[in-house]
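Have a look at the structure below before the remarks.
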Amino acid sequence: MTPDAALALAALAFAAFAVRASGILLGGFIPSTGKAGQLLREMPGAVMVSLAAPSVINGGPAEWLATVLTAAVAWKTRSLIGTMVAGLAFIWALRQVV
Amino acid sequence: MPSSLTPAQLTWRGVRDGLKLAPPLVLSTSLYGIIFGVLAAQAGLALAESGIMSATIFAGAAQLLIIETWARPVPVVAVVLGLLVVNARHMLMAIAMRPHLVGLPLWKQLLAASVIVDDNWALMMGRFEEGYRDAGFILGLALFAVPAWTAMTLVGHVLGGGVADPRRWGLDFVIVAMFIVLLCGRWRGLPTLLPWGVAAAVAVGASYWLPGKWYIVVGTLAGSFAGLLRADPEGPLKAALRAKS
């Protein structure tokens, strides 16, 4: 393994633990209310949208239709694995025909 | 709120209680691990890199973002920033769990927090709120999930070499599907469109104008700050619990 990869993996392992530990160590001090807390709570949704939107929008009709169908399955079932399998089936089928 | 009559505990009995409820979590973690392994191989990670990552990070969404950003040489700052952004919720979850752990030695509190992921945290908090006091429960949930996540990552990575073009099998869309279902859990009515619409528009625009994966950072910041213009939907604990219900 190259030094840069080893450094990245070590830093990631430390950061992953530090984020979880920080809630315990700083729990009394971190604002979980007010605007600072709200900003933290807005982040996960915003990051997921930012990750997914370009690959959907910059895709094509197959991606657009598969996204709508997958969202319907996700909304109905709320099942992580089920939705991932359904999404895989939709995009595979749509790319055959579109 | 935690009962003041029973002190916080972390015992083998709690670990056994967690183990009883662990099988469905271990199964879904394993399937997801295979998918992550395949995608990691596609992204050009070495087998050891995928395995070490799964064993030490244990967080699917963050790892997917990391392999998306992975390059040679590895952009250390970018991958760590990505993890911090995606895993910021783990800090909120630990903050919410802390009142139920107070009284335990610090190392036991940290041990319980170190295995937090969305699903085992939600189950643990549900128990705590019923008056259950043993944090061993979350360790029992994670005891086989972490090794399974790591082992199935390696299996997927080995299989991944055989899946020549991820697009051909639609594997590139699996991540999108995962984010869609996670986002459904975070939907809080029409005002939700404000942060998400801004994030989407800025990310798509930035994907044309900025190099690499910067559109993720820019879109996230724009969307998060735009979200401050709506009323705060709810507190961190309630929000996270509802997201998993």
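Values computed for the structure shown
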{"item": "Scope the range B:98-135; condition farther than 20 Å from B:Pro7 by Cβ, open to solvent by 40 Å² or more (accessible area, probe 1.4 Å) and among the aliphatic types (A, V, I, L, M); matching residues", "result": "B:Leu123"}
{"item": "B:Thr6 vs. criteria hydroxyl-bearing (Ser, Thr, Tyr), farther than 28 Å from A:Gly45 by Cα, open to solvent by 40 Å² or more (accessible area, probe 1.4 Å) and modelled with pLDDT of 90 or more", "result": "no"}
{"item": "Selected residue [open to solvent by less than 30 Å² (accessible area, probe 1.4 Å), without any contact (Cβ under 8 Å) to a residue 24 or more places away in the chain and under 25 Å from A:Arg41 (Cα atoms)] from B:Ile57, B:Ile66, B:Ile95", "result": "B:Ile66"}
{"item": "Filtered residues of the range A:12-22 (kept if open to solvent by 30 Å² or more (accessible area, probe 1.4 Å) and within 7 Å of chain B (Cβ to nearest Cβ))", "result": "A:Phe17"}
{"item": "Residue match in the range B:166-177 (condition: more than 23 Å from B:Val86 (Cβ to Cβ) and among the β-branched types (Val, Ile, Thr))", "result": "no"}
{"item": "Test: residue in the range B:71-89 that is open to solvent by 10 Å² or more (accessible area, probe 1.4 Å) and of a type in the set (S, T, N, Q)", "result": "no"}
{"item": "Tally, over the range A:31-89, of residues that are assigned to a helix (DSSP H, G or I), within 7 Å of chain B (Cβ to nearest Cβ), at pLDDT 85 or above and open to solvent by 50 Å² or more (accessible area, probe 1.4 Å)", "result": "4"}
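A quick yes/no check of all residues on (1) small (Gly, Ala, Ser); (2) more than 7 Å from chain A (Cβ to nearest Cβ); (3) under 16 Å from A:Ala18 (Cβ atoms):
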site	(1), (2), (3)
B:Gly51	yes, yes, no
B:Ser54	yes, yes, no
B:Pro73	no, no, no
B:Ala78	yes, yes, no
B:Gly82	yes, yes, yes
B:Leu92	no, no, yes
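The values are calculated or read from the model by the stated rules, or taken from the named source; none is laboratory data. Treat the numbers as computed from the prediction; the structure is a model and nothing was measured. Cβ sites come from the backbone with ideal geometry, for glycine too, and all protein chains shown count toward neighbours. Note: accessible area is taken over every heavy atom of the protein model, side chains too, but ligands, DNA and RNA are not part of it. Shrake-Rupley method; radii C 1.70, N 1.55, O 1.52, S 1.80 Å.
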